[in-house]
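Report on the following structure.
The values are calculated or read from the model by the stated rules, or taken from the named source; none is laboratory data. Not measured: the values here are computed from a predicted model. With ideal geometry, Cβ positions are generated from the backbone for all residues, glycine too; neighbour counts draw on all protein chains shown. These area figures cover heavy atoms from the full protein model, side chains too; ligands, DNA and RNA do not enter into them. Shrake-Rupley method; radii C 1.70, N 1.55, O 1.52, S 1.80 Å.
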Amino acid sequence: MSAKKTSKKRGALHAVTVLALLGASAYLTVELRKEEDSKAPAVQKVTDNPQLENSAEDTGARTWERLKSPERTVLRGSKGQVLATFTDGARTATLKGPSRTFSEPANTTSRVVTEDWVRLMPEPWRQGAEKEQWFKDWFKQNYGSEEDDIFAIAFQYSQGAPIKKDDEGIPYAGDAVFGPFKQDGVDRLEQNDFYDYLGIPYTFRDGTTMQPRKERYRALDCSGFMRMIWGYRARYPLRATNVVGDGLPRTADGMARSTVGADIIKLQGPSPWYQRPANIDVLQPGDLLFFKMDHRTGNHMDHVALYLGVDTDGHRVFISSRKEVNGPTMGDKGGASRIDGNGFYAQLFRSAKRL
């Protein structure tokens, strides 16, 4: 065989080999993308035709009704279904809207399918506020809106959540961690607030300026996660610390014992461990949940979470930032995110507040 023919044959084999490698590479890339997509959280899926019993679709007469324990006002549709709930002393409103599914397949099989949209009103609710102009304007703008609510914002920090940047290029959302490791390489540093995550100084309403720490960039501990959701994103007033300024305090214990919002389940029983609530039916989606988990912290509440409601398995579940998953999760690692039954978090649940 001539050198010329051998060269042509080798060239053809080389071309086939390159094409095969390119094909394999493309296949692997597609498969890897599929795998990553399967791990990413289904942050907010809106269903056009809600299938839940308490549908918000209602064109008939609506009525306002006062209820007790806690003192609150509900808006009912023509079929008697609850369309919205407003609690005395709280700015949190729970409105019915299009059905959504929240899930976190990387860490749990739990799924929450809900028509509840949790939003902040400009003023705390009081009896008769439905007749006031500020509320009428707010309700007209927000009832039926699909703009990001508290739930949608919360899941923008779970595992795999994409980065979002503001007009100045500062990432304000995206997969968050709980915090960096301590020197022991086992436990993680706490006290990671929203300005640490953002990496920028933040001046509070009382003039106090807090500086971010570089090693805690993109980190949110449990209370820092709540302050990011409710404060920085939803604009609920924030204190610089537990005692400086006004608004939502810095720590879980500070939040639990503060006068902000309405206490839905109060601390009961002897300190330092207190008592697990006997009745949790008073909770509604959007409530802050507080837990007593560590004997080293005296009578302090050690953990705070956001109540999501009932999942498709019938369990009452929440989302919070925790060390085991290293960030915000509604997952099962370190204990299922449930407050019913006899699991880890269920046994340590102590009180609840509605902001």
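Details
- Working note: Karplus 6.51/-1.76/1.60 with θ = phi - 60° gives region 116-121 the couplings 7, 10, 9, 9, 9, 8 Hz, where Gly and Pro are set to x.
- Highest mean packing comes first when the peptides 337-346, 217-226 are listed by Cβ atoms within 10 Å, giving 217-226, 337-346.
- Difference of contour (0.36 nm per residue) and Cα-Cα distance, Q275 to V310: 10.3 nm
- The solvent-accessible area of E147, taken with every protein chain present and a 1.4 Å probe, is close to 130 Å².
- A protection proxy built from the mean count of other Cβ atoms within 10 Å ranks the segments 271-278, 238-245, 286-293, most packed first, as 286-293, 238-245, 271-278.
- Cβ-defined net charge surrounding Q275, 11 Å radius [Lys, Arg +1; Asp, Glu -1]: +4
- Pairwise FRET efficiency - R213 versus E168, Cβ, R0 = 25 Å, nearest 0.05: 0.80
- With the simple model of a label 7 Å out from the Cα in the direction of the Cβ, S78 to T297 spans 5.0 nm.
- Ranked by how many other beta carbons lie within 10 Å on average, peptides 113-122, 66-75, 321-330 from highest: 321-330, 113-122, 66-75
- In this simple spin-label model, placing a label point 7 Å from the Cα along the Cα-to-Cβ direction at both V282 and D187 gives a separation of 3.4 nm.
- Sulfur and carbon atoms: percent of accessible area, region 63-155 [1.4 Å]: 47
- Treating r as the C-beta distance of N342 and W64 and R0 as 41 Å, the FRET efficiency rounds to 0.55.
- At most 11 other Cβ within 10 Å, DSSP loop - trypsin sites (Lys or Arg not before Pro), region 128-210: K182
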